[in-house]
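The values are calculated or read from the model by the stated rules, or taken from the named source; none is laboratory data. Here the structure is a predicted model, which means the values were calculated and not measured. Virtual Cβ from ideal backbone geometry, glycine too; neighbours counted across all protein chains shown.
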């Protein structure tokens, strides 16, 4: 499938100014909005500074209480792993990019709402990933021509700060990977923008027939099933002998990578979606990539 689609795509970049900020202040104030699928994070540009202690305290959304998180301030051990690790793996949807790719493709094909409901279940961990993936695709059966049109008309929307973060990781001689339950055809343009080689992508593959009809997805890819991200991360660590590897993502499938032999550190990025069950279990909860950049050293 690589080579079937041209990737001359300019990304939509969402920028945020971060002047004269303390190393321990959030670059912007997370605004929590509740929708049908959980809490969505919007960044409000305010002059007032908010410390991580502010966000660690309970936040109110209407009459709903978000909850108390005690992991927004990293311990020395966690900071050491972040600074001194030799590899970082990123989830793509709602982490590197602002959207869930399959939801966007489904919306483009006319089945957005139904597919988004399945995505919410899968990311919350209540449904096996492979079941949710097959169910979502069966709702709209995208053709090759639809996928090509989507890629040309909907350029990637990168999360604020992700390009700067990845550039700094590379400058610090850390290896960067994309580990996604999404599809290579949609992730390749993102990797190209960020300068991440194809061999550092672990993702699913859409399959098409000779006439461009949808056939399904490659079930041999580890990320096509529950626990797949953990398998991919474990394989990366085994193959390259990394001493300390960090996984960054927003969903239950990302947290799964924090298994023995896998990620040594799991950072929950809640800058797009706050999934409370995942955030509560993370080694470190962040709402803005600038915080990771500031503490990288």
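Could you count how many residues in the range 270-291 are touching a helix residue (DSSP H, G or I) at 6+ places or on another chain (Cβ under 9 Å) and either farther than 23 Å from residue 259 by Cβ or buried (at least 23 other Cβ atoms within 10 Å of the Cβ) (or both)?
13
Just name the residue that is surrounded by the most Cβ atoms within 10 Å (Cβ to Cβ) out of those in the range 226-242 that are in a loop (DSSP other than H, G, I, E, B) and within 17 Å of the chain's Cα centre (by Cα). Once the filter is applied, the top-ranked residue is 226.
Being touching a residue at least 40 places away in the same chain (Cβ under 8 Å), crowded, with 22+ Cβ neighbours inside 10 Å and either touching a helix residue (DSSP H, G or I) at 6+ places or on another chain (Cβ under 6 Å) or not in a strand (DSSP E or B) (or both) holds for only one residue in 147, 151, and it is 147.
I'm checking my understanding of the structure. Among residues of the range 166-186 that are over 16 Å from residue 245 (Cβ atoms) and assigned to a strand (DSSP E or B), which one is farthest from the chain's Cα centre (by Cα)?
Taking the range 166-186 and keeping what is over 16 Å from residue 245 (Cβ atoms), we get 167-168, 171, 180-186.
From what's left, assigned to a strand (DSSP E or B): 180-183.
Working: 180: 8, 181: 10, 182: 10, 183: 13 Å.
Going through the qualifying residues, I end up with 183.
Residues in the range 260-285 that are in a loop (DSSP other than H, G, I, E, B) and in contact (Cβ under 8 Å) with a residue 40 or more places away in the chain: 263, 264, 270, 271, 272, 275, 282, 283. The single condition among (1) in a loop (DSSP other than H, G, I, E, B); (2) out of contact with any helix residue (DSSP H, G or I) (no Cβ under 9 Å at 6 or more places or on another chain); (3) at pLDDT 95 or above that residue 257 does not meet is (2).
The rows are residues; the columns are (1) farther than 26 Å from residue 219 by Cβ; (2) in contact with a strand residue (DSSP E or B) (Cβ under 7 Å, 6 or more places away or on another chain).
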site	(1), (2)
108	no, no
112	no, no
137	no, yes
152	yes, no
161	yes, no
167	yes, no
172	yes, no
